[in-house]
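Got a structure here, written out as structure tokens. Questions coming.
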Amino acid sequence: MKLMSLNCPNCNGVVKQIGEGKFHCENCGTSFLADYDRDDVEYQRVRSENEFRKQQMNMAQMGMANAQRRAQDQEKTKKIVIGIVIGFFLITMIPGVIISAYAQKMAMESSREQERIRQEKYEQEQAAKEEQRRLEQEQKAAEEEAKRQALIASYQITPEKLLADSFFVENANKSMDGKLEGNTNLYYTNWVFGEPEYITSYIQIAKDENNRDHNRVVNLYKVSWDKVFNDRVEHYEVYDGTCIYNVSLDEDGSIKCSYSADQLCYHSEIIANQFLSGFTDYDQMIREVIYGNADFTYTEFKMQ
């Protein structure tokens, strides 16, 4: 390709290209055509191919850019759609979730409140039952104490209470007199039993409340008999007694007992070569049978 001056050949002004191979002088207004040779044609061809390739590359780049933009647009659209869907889900579901959570919370609070009320009711019922049991135990204890006191009171025997019951006095004396006769052991034909002489009576009350059933009424006697021989009579005397246990007051104030008399004690002495029940010394009998029984208090009185 030949190099040509870019100045106007007429006025040497600046030439400006106005088309393919066309130029124009801005100073004098003259127009020119470029003189192309084979090299210029080849150059133009190469140039055209290069420009075509460049254009294809540009178009490819533009296509890629457009595809990238479309992909980006699609991604944005997808995100927008997802956002819309999520937004719609949140708008439609969150209130329901909130309402459901609130309902669950209220249900739980209601359940806890009902459980609290049930627990309070149960505790109140248990407290009421415990109070009822306590009252029943106190009442039972009071009843047992009342019975115990009534039992103790029933054994608070006095001479006045005994003597006020004529039925008791009569039958107690008969029972104890009969027991006394059985204790004499006078089986010899020459021994003549005399009428027992009543001396006195005692009430013995146990100091221990648990032994009040051992309370007893005692009658003391002087027992005498004669041992008769052909040429003489020997006179003997002993002191003995009998008793009745478990003497108490009935609800109507009368005296109750079994009237089963027992020996005063099992003391015996040798009299006229014979073992006989009783004491030859009255004071010794009182000391042993009455004074010596430290578990009891005693009151002397006359029952006959």
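About the Cα centre of the range 159-301, what is the dipole size in debye to 20, counting +1 per Lys and Arg Cβ and -1 per Asp and Glu Cβ, all else neutral? Mind dumping the intermediate values first?
Numbers: 11 positive and 25 negative charges, 36 e Å.
It works out to roughly 180 debye.
With θ taken as phi - 60° and the coefficients 6.51, -1.76 and 1.60, list the Karplus ³J(HN,Hα) couplings across the range 11-18 in order, rounded to whole Hz; mark glycine and proline as x.
These are the phi-based 3J(HN,Hα) values: 10, 6, x, 6, 9, 10, 6, 10 Hz.
Subtract the Cα-Cα distance of S110 and N246 from 0.36 nm times their separation in residues, and report this length gain in nm to one decimal. Could the numbers behind the result be given before it?
On the way: separation 136, 0.36 × 136 = 48.96 nm, distance 6.98 nm.
Contour length minus Cα-Cα distance gives 42.0 nm.
Here is a follow-up. For the range 225-268, which GluC sites (Glu not before Pro) are both in a DSSP coil and crowded by at most 11 other Cβ atoms within 10 Å? Working shown, then result.
On the way: sites: E234, E237, E251; in loops: E251.
Qualifying residues, ordered by number: E251.
If you don't mind, there's one more thing I want to ask. Towards the positive end of the charge dipole of the range 159-301, with charges on Cβ (+1 Lys, Arg; -1 Asp, Glu), say which of A164, G182, Q284 has the farthest Cα.
Value computed over the given set: G182.
I'd like the chymotrypsin sites (Phe, Trp or Tyr not before Pro) in the range 216-256 restricted to DSSP loop residues with at most 12 other Cβ atoms within 10 Å, sorted by number. Before the final figure, lay out the partial values.
On the way: sites: Y221, W225, F229, Y236, Y239, Y245; in loops: F229.
Within the range 216-256, the qualifying chymotrypsin sites (Phe, Trp or Tyr not before Pro) (loop, at most 12 other Cβ atoms within 10 Å) are F229.
Here's something else I'd like to know. Could you tell me which of the pairs K140/K161; K161/K222; K179/K302; K222/K302 are separated by over 21 angstrom between their Cα atoms in the structure shown? Intermediate results must be reported in sequence, preceding the final value.
On the way: K140/K161 31 Å; K161/K222 26 Å; K179/K302 19 Å; K222/K302 15 Å.
Pairs exceeding 21 Å: K140/K161; K161/K222.
Moving on to the next point. Which aspartates and glutamates does K129 reach when only Cα atoms under 17 Å apart count, and residues fewer than 8 places away in its own chain are ignored?
Those aspartates and glutamates meeting the cut-off are E120, E138.
I would also like to ask the following. List the chymotrypsin sites (Phe, Trp or Tyr not before Pro) within the range 102-205 that DSSP assigns to loop and that have no more than 14 neighbouring Cβ atoms inside 10 Å.
On the way: sites: Y102, Y122, Y155, F167, F168, Y187, Y188, W191, F193, Y198, Y202; in loops: Y155, Y187, Y188.
Taking the range 102-205 and a limit of 14 other Cβ atoms within 10 Å, the loop chymotrypsin sites (Phe, Trp or Tyr not before Pro) found are Y187, Y188.
Can you tell me, using C-alpha contacts under 8 Å and at least 6 residues apart, the relative contact order of the range 159-301 as a whole percent?
Working: 258 pairs, mean separation 37.3, N = 143.
In percent, rounded to a whole number, it is 26.
A short reminder: the numbers here are calculations on the coordinates, not readings from a lab. Not measured: the values here are computed from a predicted model. Every residue, glycine among them, receives a Cβ derived from its backbone with ideal geometry; neighbour counts consider all protein chains shown.
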